[in-house]
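Scroll down for the structure; my scribbles are underneath it.
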Amino acid sequence: MPPAHTLLLAAPRGFCAGVDRAIRIVEEALARHGAPVYVRHEIVHNRHVVDGLRARGAVFVEELDEIPDDGRPVIFSAHGVAKSVVSEAMRRRLFTLDATCPLVTKVHREAERHHRQGRHILLIGHAGHPEVVGTMGQLPVGAVTLVEDAAQAAAVQPPAGVPLAWTSQTTLSVDDTAEIVAVLAARFPGLAGPAKEDICYATSNRQAAVKAVVARGASLVVVVGAPNSSNSVRLAEVAQRAGAEAVLVQRAAELDLDAAARHAVIGLTAGASAPESLVQEVVARLSARVDLAVEDVTVAEERIEFRLPPALTRDPPLAPRPLAAD
Ligand code: 2E6
Ligand code: F3S
């Protein structure tokens, strides 16, 4: 008899190049400089990753004022920081390493360029998310207006008579963002924007893979990821909009097996900050419960890799010093 259930494994899923680089920065800082190293904010939004690094000597804080002036490395998380955080670190002559994803830094530079060219910026993103706080914090207060959804795009009143540009958070829903941009473009002729959207390759590939899994018949999609992980939450939304049920779990133990077993075809994916080991935990727990045929659904190959900051690749290591060129 063929297996009663099919598990469709979405690909790409899990770690992206920016997350991989951010975690390697913490690991390499620990290897070169010993413990403790301080990390401002969760290096990526995954408790398992954070707990693992904490066990090796990383100390996670939310703000620089929680860090003593003891010369230890201070790492900025993958989500990026406001300019005020960099200035404060310089003022205190902290030894900083920047794990901001290069694709977030690209958005920072883009926002700065628009500002220099006299444009007011409409930033599409979610209020309070650290990436949004960091991107808004590249520019003076009042230079950026946040637009969270299509309703706000329809209502926003930017400063009159000033040219406009839009930028976005990197981890948004591709479809929602297209709708928001369409509303803005219809209201504001001449609106400038990125040549290619600011949503990163990893976010769009993972969303496309979830759609493919639902198109192949998954009526439940399990997303491994944290509730504060924007890109992971978006994957669950994409699955629901495509017509499936979706559940976000941080660990396999959270999965309701009785509910899952009611679906003949189950999809499985992971946010960009969720390790593959947690995905395999879900596969193991499901297959211990139901007779499962596992199939890959692949929509793209990802080969992108980001280099570590030079301060972590020089041999021999530089002694910690204030704001080593990172
Ligand atoms: C930095 C920028 C984008 O909540 P979000 O999806 O932004 O963050 P993580 O840590 O879950 O994913 C990686 C990431 C880092 N994405
Ligand atoms: Fe960067 Fe996108 Fe990952 S912005 S950290 S590559 S989810």
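The values are calculated or read from the model by the stated rules, or taken from the named source; none is laboratory data. This is a predicted model, so every value here is computed, not measured. As a convention, Cβ positions derive from the backbone with ideal geometry for all residues, glycine included, and neighbour counts pool all protein chains shown. For the accessible areas, the whole protein counts, side chains as well, though only heavy atoms, and no ligand, DNA or RNA atoms are used. Shrake-Rupley method; radii C 1.70, N 1.55, O 1.52, S 1.80 Å.
Data overview
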| quantity | calculated |
| --- | --- |
| Global form of region 43-98, assessed from the alpha-carbon gyration tensor, a/c cut-off 1.5 | oblate |
| Residue 152-residue 63 FRET efficiency (beta carbon distance; Förster radius 41 Å; 0.05 resolution) | 0.90 |
| For the chain, built as a Gaussian network whose Cα springs stay under 10 Å, the top-fluctuating residue of 45, 108, 263 | 263 |
| Amide N proximity, region 208-224 versus residue 179 label position 7 Å along Cα-to-Cβ, cut-off under 18 Å | 208, 211 |
| DSSP H segments from the chain that extend 18 Å or more along their own axis, Cα-based, with Kyte-Doolittle mean of 0.5 or above | 174-187 |
| Accessible area expressed per residue, region 31-162, with surrounding protein chains retained (probe 1.4 Å, Å²) | 44 |
| Protein accessible area in region 103-187, 1.4 Å probe - carbon and sulfur % | 60 |
| Computed [θ] at 222 nm, deg cm²/dmol, the chain (DSSP H ≥ 4; -39,500 (n - 2.57); rounded to nearest 500) | -11500 deg cm²/dmol |
| Ranked packing of 198-207, 182-191, 213-222, most packed first, by mean Cβ within 10 Å | 198-207, 213-222, 182-191 |
| For region 97-183, the Rg and Dmax computed from alpha carbons only, in angstrom | 12.5, 40 |
| Cβ-Cβ FRET estimate between residue 308 and residue 116, R0 fixed at 30 Å, reported to 0.05 | 0.55 |
| Among 213, 192, 1 - extreme Cα towards positive end, dipole of the chain, charges at beta-carbon | 192 |
| Per-selection metrics, the chain (Cα): Rg and Dmax in Å | 21.2, 70 |
| Debye, to nearest 20: dipole size of the chain, +1 on Lys, Arg Cβ, -1 on Asp, Glu Cβ | 740 |
